[in-house]
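The values are calculated or read from the model by the stated rules, or taken from the named source; none is laboratory data. Small disclaimer: the values here were computed from a predicted structure and weren't measured. Glycine also receives a Cβ, built like all others from the backbone with ideal geometry; neighbour counts cover every protein chain displayed.
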Amino acid sequence: MLMDKSSYIFNGNTYGKGRLVLAVVEQYVSDNDGLAKKELEERFPAALQGSIGVISSIEEAEGKYKGKRHFVKNVIKLTNATVAVCNQWGSKNIDKFVQHAAGELGYNIDKEFGAEDESSTPSESFDMDVLIDEVNVELSRIISEFADEFNSSQQTKVRPGYGPDKFYLDRIDGSYDSSLQSLIHYILWEKKLYHKFLTARQLVDVERVVNEEPDYIYSPDLDDESTSDEEYEQDEALADSLDNFYWGVITHVGGELSKFDFFDNSTFKANGYVESDDD
């Protein structure tokens, strides 16, 4: 899996994925005075992004998501709410957004394909498919170990010895507390897999999250104004890579859990991790 370092030209400026979305939403609000939150959500449906949505109220962005998943320093004031744009964009969802912005909203966006640079960060030369396979093997082992408990309890709770040692493998939406993403995050940390593809600076951030925010997961802060331009590019590339990584792992777990008769995969379907019956 190569790192997608594509950039986008909009209104004469060049953006990475997350900043492009912010620029387009800001432009749309500027072009359409008097918008309410519901109207903006209708013009930018949540499905374009995925489980978080394109925009959230600033209260939700700073509360539920702790200011880590949105551009909270670039809030947008509407007639009845102040909102923040989600910064979680990767190759799995940005093309859908660009197509929507061009086809439905009439905005012209040009894509520039970036070549892979193997010298900048470990994440750009590391094969993420290898990492996905390694974590999937570990999660398959955990699922096999707890299969009898799943069937007897009719739930997917596991205590695999990582982090806080209680996770629900079907919890993939909303809070990260006891979620599948949290377990994946702790596997990456405790098996020192983060060390294979993060820079020293990024590893410091991971350790802080593990020690100070145990119910959260690591993601580079794309709204941190203290980072240099080079560091921002590293973080944005990493965010894209992690997006692809989590998608690959959660999709695998969804398939494994679908083997259990009691498992309700509707949340996995809604977020694109398991194919719907219509696909």
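Annotation: Glu230 fulfils all but one of (1) modelled with pLDDT under 95; (2) in a loop (DSSP other than H, G, I, E, B); the unmet one is (2). Any idea which of Asp117, Asp95 is part of a helix (DSSP H, G or I) and at pLDDT below 95? That would be Asp95, the only listed residue that is part of a helix (DSSP H, G or I) and at pLDDT below 95. With respect to the conditions (1) loosely packed, with under 15 Cβ neighbours inside 10 Å; (2) touching a strand residue (DSSP E or B) at 6+ places or on another chain (Cβ under 8 Å); (3) aliphatic (A, V, I, L, M), Val72 lacks only one, and its number is (1). Assessment of segment 204-212 against the conditions (part of a strand (DSSP E or B) and in the same structural domain as Ala239 (by TED's automatic domain parsing)) yields no matching residue.
Considering segment 1-38, and only residues there that are without any contact (Cβ under 8 Å) to a residue 24 or more places away in the chain and among the acidic types (Asp, Glu), the residue that is farthest from Asp235 (Cα to Cα) turns out to be Asp33.
Among the residues of segment 62-90, write down those that are part of a loop (DSSP other than H, G, I, E, B) and more than 23 Å from Tyr232 (Cα to Cα). Matches in segment 62-90: Gly63, Lys64, Leu78, Thr79, Asn80, Ala81.
If you go through segment 11-61 and keep only what is surrounded by fewer than 14 Cβ atoms within 10 Å (Cβ to Cβ), of a type outside the set (Asp, Glu) and not in a loop (DSSP other than H, G, I, E, B), you end up with Asn13, Thr14, Ser30, Lys38. Quick check on my filter: what residues within segment 163-203 are part of a loop (DSSP other than H, G, I, E, B), within 20 Å of Asp129 (Cα to Cα) and either outside the structural domain of Phe245 (by TED's automatic domain parsing) or of a type outside the set (Ser, Thr, Tyr) (or both)? Passing the criteria: Lys191, Lys192, Leu193, Phe197, Leu198.
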